[in-house]
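Reading through the structure tokens given below for one structure.
The values are calculated or read from the model by the stated rules, or taken from the named source; none is laboratory data. Remember, predicted model here, so these are calculated numbers, not experimental data. Cβ: placed from backbone, ideal geometry, glycine included. Neighbour counts: every protein chain shown. The accessibility values were calculated without ligands, DNA or RNA, using every heavy atom of the protein model including side chains. Shrake-Rupley method; radii C 1.70, N 1.55, O 1.52, S 1.80 Å.
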Amino acid sequence: MVKEIQLRINLVEELKEDILLQKSSKQLGVDQNEISAVKVLRKSIDARKKDIIFNYKVAVYIDEKIPEKSDYIFDYKDVSNAKEIHIIGFGPAGMYAALRCIELGYKPVVLERGKNVQNRRRDIKAINQDHIVNNNSNYCFGEGGAGTYSDGKLYTRSLKRGDVRRIFENLVFHGATEQILIDAHPHIGTNKLPKIIENIRENILKFGGEIHFETRVTDFVLKNQKIQAIQLENGNELSVNSVILATGHSARDIYELMHKKNIALKAKSFAMGVRVEHPQEIIDQIQYHCSGERDELLPAAAYSLVHQVNNRGVYSFCMCPGGFIVPAATANGEVVVNGMSPSRRNNKFANSGIVVELNIDKDFKKYEEFGALKGLEFQKDLEKIAFFAGGRSQTAPAQRLVDFVDGKLSTELNETSYQPGLKSAPLHSLLPKIIGGRLRKGFVGFGQKMHGYYTNEANIVGVESRTSSPINIPRTANLEHTQIEGLFPCGEGGGYAGGIVSAAMDGERCAEAAIAKL
Ligand SMILES: Cc1cc2nc3c(=O)[nH]c(=O)nc-3n(C[C@H](O)[C@H](O)[C@H](O)COP(=O)(O)OP(=O)(O)OC[C@H]3O[C@@H](n4cnc5c(N)ncnc54)[C@H](O)[C@@H]3O)c2cc1C
């Protein structure tokens, strides 16, 4: 017999080896000898009160063995000689589209502009140390896409869009720890992601798929509104039947190409703002109600904040406890920030995007001439402002938090995790009012919700501009582009995902749709 129960364990109890067995036995009134195993299904932290509690959901096996195999089986087939599906981009959407093709007996041919994870590292170093951005290989482009040098947070709200558990199990199949199946807010960490991504690549190649790195797609050949071929930067042209377009939301050249070719695109609302960085200790003390260091059983504390200002949400986005702010520009001449964390989240800073909801119909009047690209052009302008304010390098413009709200240039900045360095700048006057004005009120509101958050010990760093796609590539109910037969817009670039897991799920769905069309 298997019984699922909830257990509440405090920090002292958590240290006891058999605590789950003891508590399960007591709660169920079953002798410990009759319990063959207690399997943790879910673990979360309840830190609302000073006495912090771990909430466990467990399955108690009474006179019964734990099944050895997972319910999820990934049955990959040799597809070397199977029909081909072309996939542009090898981020989470492209990777999971490729894996799904193999499961269903089709051969994925992946074209990725960036380098494999190993070689990508050098370009990442060049951004951080020499301020040189390679526009094909950077924090967003290359094997694993924007998800490789990230926090690897796997939390998603897109529960209705696919089987989230299937993606988690597949990540475990490719080397992620089983902990991600249990944690309420699982994350992998940037130090562990490259190996998992390499395993996925090896698996695709082993079963006969093809992956071509340093191969940028530059044009589509269309005939009678059907995609016939794709052109590559190296001069080659490939005939195609079905193409999954999984190029992410930083592939501006792809949006521009489609716009130029009159392929339907729609401007879409998105959010923009800054990244805020506090010493992790401040966030721990607020969230765990402690003074000094947090208990060693507790992970670096996270937060999630939202505040309404003039009918728009100002909210925290992609919070990275114990993490680093990273330069996520995809070209020289722009500054973009984002965040990542190692698996242990043991860096001394906590950073998070703090962004303002923008309304595509109301906020971009000056950009109307750009049509579907209006949000993108606005995004570009803000990134250029950050570049010039930062000193025309990857050094980012920054201000102390209270100074920003008070409209005062910071004479000194706090220490930071951002490797290319910070330059003091008047972000309060540089950011457009629709963003800056709301952020200033938002931060004060956050300080009222989390006492100690609103402090000059925090820096804000500009600009957090790539939260989600400013463009939607429209598709029909069968996931094909509304105009172009054989083209399947996919993942974050199409406007169909907002993170690693949702992009991966959309990749699987697009593979199924592209195959159904063959
Ligand atoms: C620093 C950072 C941290 C993040 N942290 C998290 C996190 O913790 N959790 C989370 O859920 N999300 C996080 N995200 C967001 C997440 O990475 C994206 O939502 C996700 O990667 C989108 O997947 P995708 O496959 O749709 O696109 P992408 O990951 O953007 O992949 C697109 C791929 O297409 C390639 N490409 C583009 N143009 C071309 C072309 N013309 N020809 C060939 N190839 C092309 C690119 O090189 C890229 O590899 C983070 C993003 C960044 C930048």
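Miscellaneous remarks
- Region 254-267: number of residues that are surrounded by fewer than 17 Cβ atoms within 10 Å (Cβ to Cβ) and out of contact with any Asp or Glu (no Cβ under 7 Å at 6 or more places or on another chain): 6
- Top-ranked residue of region 468-501 - restricted to ones that are among the polar types (S, T, N, Q), at pLDDT 95 or above and within 14 Å of the ligand (Cβ to nearest atom), ranked as most open to solvent (accessible area, probe 1.4 Å): Asn472
- Here the condition is being in contact with a His (Cβ under 9 Å, 6 or more places away or on another chain), away from the ligand (no atom under 15 Å from the Cβ) and modelled with pLDDT of 95 or more; of Asn224, Asn203, it holds for Asn203 alone.
- Region 446-495, residues that are at negative phi and free of Cβ contacts under 8 Å to residues at least 60 places away in the same chain: Gly447, Gln448, Tyr454, Asn456, Arg475, Thr476, Ala477, Asn478, Glu480
- Unique residue being within 16 Å of the ligand (Cβ to nearest atom) and modelled with pLDDT of 95 or more when the list is Leu104, Leu99: Leu99
- Residue check, Val326 modelled with pLDDT of 95 or more, open to solvent by less than 10 Å² (accessible area, probe 1.4 Å) and away from the ligand (no atom under 14 Å from the Cβ): no
- Within region 148-169, considering residues that are within 11 Å of the ligand (Cβ to nearest atom) and open to solvent by 10 Å² or more (accessible area, probe 1.4 Å), the one farthest from Ile182 (Cα to Cα): Tyr149
- Residue match in region 236-243 (condition: modelled with pLDDT of 95 or more, aliphatic (A, V, I, L, M), within 15 Å of the ligand (Cβ to nearest atom) and surrounded by fewer than 22 Cβ atoms within 10 Å (Cβ to Cβ)): yes
- Residue within region 166-187 that is within 22 Å of Asp506 (Cβ to Cβ), at pLDDT 95 or above, polar (S, T, N, Q) and within 18 Å of the chain's Cα centre (by Cα) present: yes
- Val463 vs. criteria more than 16 Å from Gly89 (Cβ to Cβ), β-branched (Val, Ile, Thr) and open to solvent by 10 Å² or more (accessible area, probe 1.4 Å): no
- In region 291-301, the residues that are modelled with pLDDT of 95 or more and either on the phi > 0 side of the Ramachandran plot or open to solvent by less than 50 Å² (accessible area, probe 1.4 Å) (or both): Leu298, Ala300, Ala301
- Test for Asn135: is it within 12 Å of the ligand (Cβ to nearest atom) and either touching a residue at least 40 places away in the same chain (Cβ under 8 Å) or within 19 Å of the chain's Cα centre (by Cα) (or both): yes
- Boolean, Glu369 is within 30 Å of Leu265 (Cα to Cα), away from the ligand (no atom under 16 Å from the Cβ), free of Cβ contacts under 8 Å to residues at least 40 places away in the same chain and open to solvent by less than 40 Å² (accessible area, probe 1.4 Å): no
- Looking across region 331-355, just one residue is open to solvent by 10 Å² or more (accessible area, probe 1.4 Å) and among the hydroxyl-bearing types (Ser, Thr, Tyr), and that is Ser343.
- Of the residues making up region 309-330, none is among the aromatic types (Phe, Trp, Tyr) and touching a Lys or Arg at 6+ places or on another chain (Cβ under 8 Å).
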